[in-house]
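Heads up, the thing below is written out as structure tokens.
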Amino acid sequence: MDLKLRVWRQKNRDAEGRLVEYDAKDIDPEMSFLEMLDVINERLVAAGDDPIAFDHDCREGICGACSATINGIPHGPQRATTVCQLHMRHFKDGDVLTIEPFRAKAFPVVRDLVVDRSAFDRIIEAGGFVSVRTGSAPEANTLPVPKQDADWAMDAASCIGCGACVAACKNASAMLFVAAKAGHLNTLPQGKPEKDRRVLSMVAAMDEAGFGNCTNQYECSAVCPKSISEDFIAQLNRDYLKASLKKCLMG
Amino acid sequence: MKLDSKIPSGPLAEKWTRYRSEIKLVNPANKRKYEIIVVGSGLAGAAAAASMGEMGYNVKCFCYQDSPRRAHSIAAQGGINAAKNYQNDGDSIHRLFYDTIKGGDFRAREANVHRLAEVSAEIIDQCAAQGVPFAREYGGHLANRSFGGAQVSRTFYARGQTGQQLLLGAYSALCRQIAAGTVKMYPRTEMLDLVLVDGHAKGIVVRDMVTGEISCHAADAVALGTGGYANVYDLSTNARGCNVTAAYRAYKRGALFANPCYTQIHPTCIPVSGDYQSKLTLMSESLRNDGRVWVPKKKGDTRKPHEIPEDERDYYLERKYPSYGNLAPRDISSRSAKEVCDEGRGVGPGGQGVYLDFSDSIERLGLAVIQERYGNLFEMYERITGEDAYKVPMRIYPALHYTMGGLWVDYNLMSNIPGLHVIGEANFSDHGANRLGASALMQGLADGYFVLPYTIGAYLADVRGKRPSVDQKEFQDVKKEVEEQTNRLVSIQGDRTVQSFHKELGKLMWDKAGMARNKKGLEEAIAKIPEIREEFWKNVRVPGSGEELNQELEKAGRLADFLEFGELLCRDALDRQESCGGHFREEHQTEDGEALRDDENYSYVSCWEHRGDNEKPALHKEPLVYEEVKMATRSYK
Ligand SMILES: Cc1cc2nc3c(=O)[nH]c(=O)nc-3n(C[C@H](O)[C@H](O)[C@H](O)COP(=O)(O)OP(=O)(O)OC[C@H]3O[C@@H](n4cnc5c(N)ncnc54)[C@H](O)[C@@H]3O)c2cc1C
Ligand code: FES
């Protein structure tokens, strides 16, 4: 099939970017979206142009590297699917696709579709861990975890840290990401001792990184390739309130 | 060259405990004066960097992804082994040790494997304490599943995302140290060479993948946890960025490369769908429990599967291996698939696929049972192929999956270059000629959390002299070489893309050094690879410059190393005139097509030494001396 692409091209962080049109001819519907971009890039290179830079690695929906907004939807039109797992059979001959980087103030564009998501790492550094030294852990089965808690924690922990939630949010809030990360640890007994501190510092790090406020529209959950539930946001709000109150009361 | 594996003395089961308590310690107050470079943030690298940071060392950690959390370990699905014996099914350290040695077809070092089995239980404790959400039973205790090559149930898992959860655990520990200031993280930074000072590994040269700046980092010791080299075959189940560059550069600086021909092929992957294919996706092998493998009896049969009557189908595994049938071991079923496809009976685009048919099981057990057992796998299959495997048979084909070979290391995980340590898939140490399922995650975390942080002390406590400065000649010389290579790559401006060369190399490797190898094919490959290499250096086109984010340049640099490394792999495969584990030499098989090992002549680790560009490498042999285990034949009868 033949498609028309309008792709965001931006040489570097400081350069001006713009949408550039490309003809994508003879695209095989069996290709993945990134394979389609590979093919376009091979053609660009052969023609002496710069290929389109995009992040990717595992190409099986788990590393969270791939990131592109297609016709306004982060990761494109197929629900619960990263752009590396999206296949061209979901488009049709003649379609026009606008392909842009994940947009957010806290995710500056590095080049073309590549953005800087290191703000996510800084949020984890602020408290997204359990403080346990290597070699000091107790025998694993001495701390049983109810199955439903383990399952709930696992639901949250499936987050791949891609940033689609941020790109989908009109305020560019990172609430779903933070809620998933905090929710995973706060649910487990291992994470309980540091719960209050974790919630307060992760939220502070989120604010500091320049993410916006959550206004409970849940566009984030809708585009999340792992279908992380907005219920984790409610859990985070509760945990945050509790932690703040405790902090006030205890000074 | 003297190869000292530094295996401690004493009975096998006591070596590690004894040795660990005897390793020289670095005075706590002095630790912070030591700087350690860890390249890689996968399970091995992240665990090592976090643990050594915690101990008080100054650590610098590097990875090529935009975040350490995205290392390829994230993609592991199935699980991680540990000798916990939670199921009370008779598991023990000794059993895990023996299974691993046997699974490796008696080509691994006993002492290392025993240590791995010993620390396996601690890994689970550590990960559970970090909050890794392992699967649990209703009573709240950890759940297990069984995996190939074992008669006990010892595999721990977190849904189908075990690697992801273990890596996120290690990454969280790493982040904690980054915040504490003991680890400095360098994401999007690629190591392009190793620097030796007075014969010791004292630093690396890296390229900032955003600005293109090439810089030097000095340290007291270097550890590589840079993963495997399956992408020398172009198409594999590995992430696109996986590469051999760090390990290969170390090899070119004098580190020995051990057993490069030991590669593992996984029988159940989604086949190539076209020329544009960029990677192959693994499907859990458990599917073979209920699926029947077949191809049409007739060559070039283009009918739809349901149009082919029963008597015109060849259920070749059931036919050839009546007792194992569709559950024939990985290597045998992979090779059989290749055979029928080579005969022109393969199915799907390009004829590189076989059917895995669930219709009998659906009829026998009902759709609901199959859905419950494999629902998520069928969904993944549909996402990629657009086909509903409940209605039409799946198509599968073997793919390159894991590499057992790697840089040679001694018991301390140190290579023959003093100061250079190698951990995880990047070393050769624990899996012999074949790795058992769920054992790579175990090894990566064992090396990173529980071995290297102790054994590196043995080197550091002995290092004399100051850490060199990056202004020193040794650093500046290597930096210059790296800059020259980068400039050379962007200045060729030929007619062919990097990927076209990678594809050419990959196809050659797959055809001649893939599932089945023979003398003639390997010699052809050894003759052909230098030609591809020459053409690459004359005719590749890398657009742009070195001073910007340039993904074509990154790919070109990695491919340049694969183009040399592929030849080394073939040379090793040619030298090893026996079949063992993942290495199958057609000349060495039984009448039934099973691997024929030659313990008398080949029970050694092949260690290759670089002798200069376009020179034949030298082979050194580390004999495998077994104190505890008797080498036996793997049998599937
Ligand atoms: C699809 C799949 C499923 C698997 N499932 C299982 C399973 O169920 N159980 C199991 O035990 N094993 C499994 N494995 C194998 C296992 O995942 C790997 O062997 C293991 O994770 C490797 O870990 P590592 O830390 O050695 O390397 P990796 O995780 O590959 O990490 C390598 C690191 O090195 C960095 N790096 C590489 N080169 C450079 C360079 N030049 N400069 C800077 N940084 C560099 C990368 O950025 C990365 O951080 C699976 C593998 C695959 C492909
Ligand atoms: S490339 Fe890894 S999730 Fe898409």
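The values are calculated or read from the model by the stated rules, or taken from the named source; none is laboratory data. Just so you know, these numbers come straight off a predicted model, no measurement behind them. Positions of Cβ are generated from backbone atoms using ideal geometry, with glycine treated the same way; all protein chains shown enter the neighbour counts. Accessible surface areas use protein heavy atoms only, side chains included; no ligands, DNA or RNA. Shrake-Rupley method; radii C 1.70, N 1.55, O 1.52, S 1.80 Å.
Tell me, what does the Kirkwood hydrodynamic radius of the protein assembly as shown come to in angstroms if you use every pair of distinct C-alpha atoms?
For the protein assembly as shown, the Kirkwood estimate is 27.8 Å.
Taken over segment B:265-400, the convex hull of the Cα atoms encloses 105 Å³ per residue.
Could you tell me the calculated FRET efficiency between A:Arg79 and B:Gln493, based on Cβ-Cβ distance and R0 = 41 angstrom, to the nearest 0.05? Intermediate results must be reported in sequence, preceding the final value.
Working: r = 44 Å, r/R0 = 1.07.
About 0.40, to the nearest 0.05.
Counting only protein heavy atoms and using a 1.4 Å probe, the accessible area of B:Tyr454 comes to about 80 Å². Using only side-chain charges placed at the Cβ, +1 for Lys and Arg and -1 for Asp and Glu, the dipole size of segment B:1-143 relative to its Cα centre rounds to 580 debye. Based on the convex hull around the alpha carbon atoms, segment A:3-111 presents an average projected area of 6.9 nm². The Cα-based radius of gyration and maximum Cα-Cα distance (Dmax) for chain B are 24.0, 77 Å. Hey, quick one: spin label on B:His306, modelled 7 Å out along Cα-Cβ, who in segment B:387-431 has an amide N within reach, i.e. under 12 Å? Within reach of a label on B:His306, which here means backbone N under 12 Å from a point 7 Å along Cα→Cβ, segment B:387-431 contributes B:388-393. Which distance in Å, rounded to a whole number, links the C-alpha centroids of segment B:178-210 and segment B:401-439? What the calculation gives is 20 Å, centre to centre.
Scanning residues 5 or more positions from B:Leu192 or on other chains, those with amide H under 5 Å from its amide H are B:Val205, B:Val206, B:Arg207, with H placed 1.01 Å from N in the peptide plane. Summing +1 for each Lys or Arg and -1 for each Asp or Glu among the other residues whose beta-carbon sits under 15 angstrom from that of B:Gly90 gives 0. Binning the C-alpha pair distances of segment B:321-365 at 10 Å intervals from 0 yields a P(r) profile of 24, 44, 29, 2 %, listed from the shortest bin outward.
If you average the sequence gap of Cα pairs under 8 Å that are 6 or more apart and divide by the length of segment A:3-111, what percent do you get for the contact order? Over segment A:3-111, the number comes to 35 percent. A viscosity of 1.306 mPa s and a temperature of 10 °C, combined with the Kirkwood radius over Cα pairs in Stokes-Einstein, give a translational diffusion coefficient for segment B:68-109 of 127 µm²/s.
The magnitude of the dipole of chain B, with charges of +1 and -1 set on the Cβ of Lys/Arg and Asp/Glu and taken from the Cα centre, is near 960 debye. Grouping the Cα pair distances of chain A into 5 Å bins from zero gives a pair-distance distribution of 1, 6, 12, 16, 17, 14, 11, 8, 6, 4, 3, 1, 0, 0 percent in increasing distance order. One way to sum up the overall shape of segment B:508-578 is the equivalent ellipsoid from its Cα gyration tensor, whose semi-axes run 30, 11, 9 Å, largest first. Label segment B:291-369 by shape, choosing from rounded, prolate and oblate, from the square roots a ≥ b ≥ c of the eigenvalues of the Cα gyration tensor; if a/c is under 1.5 it is rounded, and otherwise prolate applies when a/b is larger than b/c, oblate when it is not. Taking the square roots of the gyration eigenvalues as a ≥ b ≥ c, segment B:291-369 is oblate. Of all beta bridges that DSSP places with both ends in chain A, some 80 percent have antiparallel geometry.
The percentage of C-alpha pairs in segment B:473-623 whose separation is greater than 18 Å is 65%. Positive-end ranking of A:Ala172, A:Asn186, A:Tyr218 along the dipole of segment A:108-251, with charges on Cβ about the Cα centre, is headed by A:Asn186. The share of Cα pairs per 5 Å bin across segment B:132-258, counted from zero up to the longest distance, runs 2, 8, 12, 14, 16, 16, 12, 9, 6, 3, 1, 0 percent. Our note on the geometry: Cα centres of segment B:330-396 and segment A:131-151, 38 Å apart.
Across segment B:55-68, rounded Karplus estimates of 3J(HN,Hα) from the backbone phi angles (6.51 cos²θ - 1.76 cosθ + 1.60, θ = phi - 60°) give 6, x, 6, 8, 10, 10, 10, 10, 8, 8, 6, 6, 8, x Hz, Gly and Pro being marked x. The angle between the Cα long axis of helix B:367-385 and the longest principal axis of the Cα atoms of chain B comes to about 60 degrees, rounded to the nearest 10. When only Cα pairs below 8 angstrom with a gap of at least 6 residues are kept, chain A shows a relative contact order of 19 percent. Derived scalar couplings between HN and Hα for segment B:70-83 equal 9, 3, 4, 3, 4, 8, 5, 9, x, x, 9, 7, 7, 7 Hz in order, rounded to whole Hz, by the Karplus curve 6.51 cos²θ - 1.76 cosθ + 1.60 (θ = phi - 60°), x for Gly and Pro. Between B:Lys299 and B:Leu367, what FRET efficiency comes out of the Förster formula 1/(1 + (r/R0)^6) with R0 = 35 Å and r the beta carbon distance, rounded to 0.05? Step by step, r from the Cβ atoms, then E = 0.55. For the set B:His588, A:His90, B:His583, solvent exposure ranked by accessible area (probe 1.4 Å, protein chains only) runs largest to smallest as A:His90, B:His588, B:His583.
Protein-only accessible surface at a 1.4 angstrom probe places the residues B:Arg292, A:Arg13, B:Arg517 in the order A:Arg13, B:Arg292, B:Arg517, largest first. Its residue count N sets the reference 2.2 N^0.38 Å, and the alpha-carbon radius of gyration of segment A:117-249 equals 1.04 times that reference. In whole angstrom, note down how far apart the Cα centers of segment B:442-462 and segment B:98-118 are. One Cα centre to the other: 18 Å. Around the amide H of B:Val197, modelled in the peptide plane, lie the amide H atoms of B:Lys202, all under 5 Å away and 5 or more residues distant in sequence or on another chain. Which listed residue (B:Leu142, A:Ser32, B:Ala76) has the Cα farthest towards the positive end of the charge dipole for the protein assembly as shown, taking +1 on Lys and Arg C-beta and -1 on Asp and Glu C-beta about the Cα centre? The residue sitting farthest along the positive end of the dipole is B:Leu142. In terms of overall dimensions, the C-alpha atoms belonging to segment B:413-544 reach 52, 45, 26 Å along their principal axes, ordered largest to smallest.
Under a 10 Å cutoff between Cα atoms, tell me which one of A:Thr69, A:Thr187, A:Thr142 has the largest fluctuation in the Gaussian network model of chain A. Taking springs between Cα atoms under 10 Å, the residue moving most is A:Thr142. Remark: spin-label model distance B:Lys391-B:Glu615 equals 6.3 nm, labels positioned 7 Å along the Cα→Cβ axis. So what is the 222 nm mean residue ellipticity for chain B from helices alone, if each DSSP H run of at least 4 adds -39500 (n - 2.57) and you divide by all residues, rounding to the nearest 500 deg cm²/dmol? Roughly -11500 deg cm²/dmol at 222 nm, from the helical runs in chain B. Phi angles across segment A:37-44 convert, under the Karplus curve 6.51 cos²θ - 1.76 cosθ + 1.60 with θ = phi - 60°, into 3J(HN,Hα) values of 5, 4, 5, 4, 5, 4, 5, 4 Hz, Gly and Pro given as x. By the Cα gyration tensor, segment B:364-427 has an equivalent ellipsoid whose semi-axes, rounded to whole angstrom, run 45, 13, 9 from largest to smallest. Remark: relative contact order (segment A:117-249) = 33 percent; criterion is Cα-Cα distance under 8 angstrom and separation of 6 or more residues. Take every DSSP beta bridge whose two residues both sit in chain B; close to 70 percent of them are antiparallel. Computed with a 1.4 Å probe over protein heavy atoms only, the accessible surface of the protein assembly as shown comes to 37 Å² per residue. Give B:Lys299/B:Lys503; A:Lys170/A:Lys247; B:Lys338/B:Lys503; B:Lys24/B:Lys621; B:Lys480/B:Lys555 a once-over and call out the pairs whose C-alpha atoms are over 25 Å from each other. Table pairs above 25 Å Cα-Cα are B:Lys299/B:Lys503; A:Lys170/A:Lys247; B:Lys24/B:Lys621.
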